[in-house]
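Data block below; observations after.
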Amino acid sequence: MAEGLRERKKRQTRQYISDVATGLFLERGFEAVTVAEIAEAANVSVNTVYNYFPAKEDLFLDRSAGVVDRLARWVRGRDAGESAARAVLRELREEVEAVSPRVGLMEGYSRFMRVIHDAPPLRSRLWSLRQESHDNLRAALCEETGAPEDDPLPDLMAGQICWIYDTVFASIGREMLKGRGPVEVSREMLQLLDEVEGLLSERVLEYAVRGA
């Protein structure tokens, strides 16, 4: 269905407010900027800001919705004969090989990470987002395997698969914070993915294989 004019204007307004806020956060730090200052810079009311972003953290982590369901999407979209863990490993390798901004491999990412590093509220929100990602993945694994709600195995497997993603993502963040180039970091992350895969048991690597 085509996007209507009203929906497009709302999306554009939301993006504009987020862009203004991000610029201020990058310049001055997350905790030094108030919502009132963001509203003034974006030429909107404080209430308008909160209508689009319920919390200040949402202004900086405005694309979290696409992140918290990423692993679940990858698992649901895995190929025939491919397990859940191998699907995530494959998707991550493709992102890293492409030096993709979606995994933080881009110039300027160190500034983004520095804002997070210096702001406890943002670090706390990231922890919450990781838990949400885990829960979404667990639900996907239950659906894909037909496991009952009280089966502990999907939860355990979700933890292992989230560990793969979190390890690579955190490593990229640390290296980019050092001011290193995306291409150089990409090469190292491909090696790290090989090491991570080598640490996983066959039970994890062969869990939830999609039938032909």
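The values are calculated or read from the model by the stated rules, or taken from the named source; none is laboratory data. Because the structure is a prediction, the values reported are computed rather than measured. Backbone-built Cβ (ideal geometry, glycine too); neighbour counts: all protein chains shown. Surface accessibility is based on the protein's heavy atoms, side chains included, excluding ligands, DNA and RNA. Shrake-Rupley method; radii C 1.70, N 1.55, O 1.52, S 1.80 Å.
Here are the numbers:
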item: On Cα atoms only, tilt of 120-145 relative to the major axis of the chain in degrees; result: 40
item: Compactness of region 25-77 - radius of gyration and Dmax, Cα, Å; result: 14.5, 43
item: Distance in nm between pseudo-label sites at M106 and A170 (7 Å out along the Cβ direction from Cα); result: 2.4
item: Efficiency of FRET from Cβ geometry, A55 and L199, R₀ 41 Å, rounded to 0.05; result: 0.70
item: Interatomic Cα distance distribution for region 90-183, bins of 5 angstrom, percent; result: 2, 13, 19, 19, 18, 13, 8, 5, 2, 0
item: Relative contact order, percent, region 1-118 [alpha-carbon distance under 8 Å, six or more residues apart]; result: 24
item: Rule-of-thumb Rg ratio for region 1-94 [Cα; 2.2 N^0.38 Å; N residues]; result: 1.45
item: FRET efficiency for L5 and A98, using Cβ-Cβ distance with R0 set to 41 Å, rounded to 0.05; result: 0.75
item: Per-selection Rg to Rh, region 88-133 - Cα, Kirkwood hydrodynamic radius; result: 1.06
item: Ranked by how many other beta carbons lie within 10 Å on average, peptides 133-142, 19-28 from highest; result: 133-142, 19-28
item: Inter-label distance for R90 and R114, nm, one decimal - labels placed 7 Å from Cα along Cα-to-Cβ; result: 3.9
item: Rule-of-thumb Rg ratio for region 140-212 [Cα; 2.2 N^0.38 Å; N residues]; result: 1.39
item: Difference of contour (0.36 nm per residue) and Cα-Cα distance, T48 to E27; result: 5.3 nm
item: Extension reserve of the L129-R76 stretch, reckoned as 0.36 nm per residue once the Cα distance is removed; result: 17.1 nm
item: Rg(Cα) / (2.2 N^0.38 Å) computed for region 1-48, rounded to two decimals; result: 1.32
item: Share of Cα-Cα pairs in the chain lying beyond 22 Å, as whole percent; result: 57
item: Theoretical gain in end-to-end length, R210 to R63 [0.36 nm per residue, Cα-Cα removed]; result: 50.0 nm
item: Solvent-accessible surface ranking, highest first, for R114, R180 at 1.4 angstrom; result: R114, R180
item: Residues of type lysines that K56 reaches as a straight line, Cα spacing below 19 Å, ignoring anything fewer than 8 places off in the same chain; result: K10
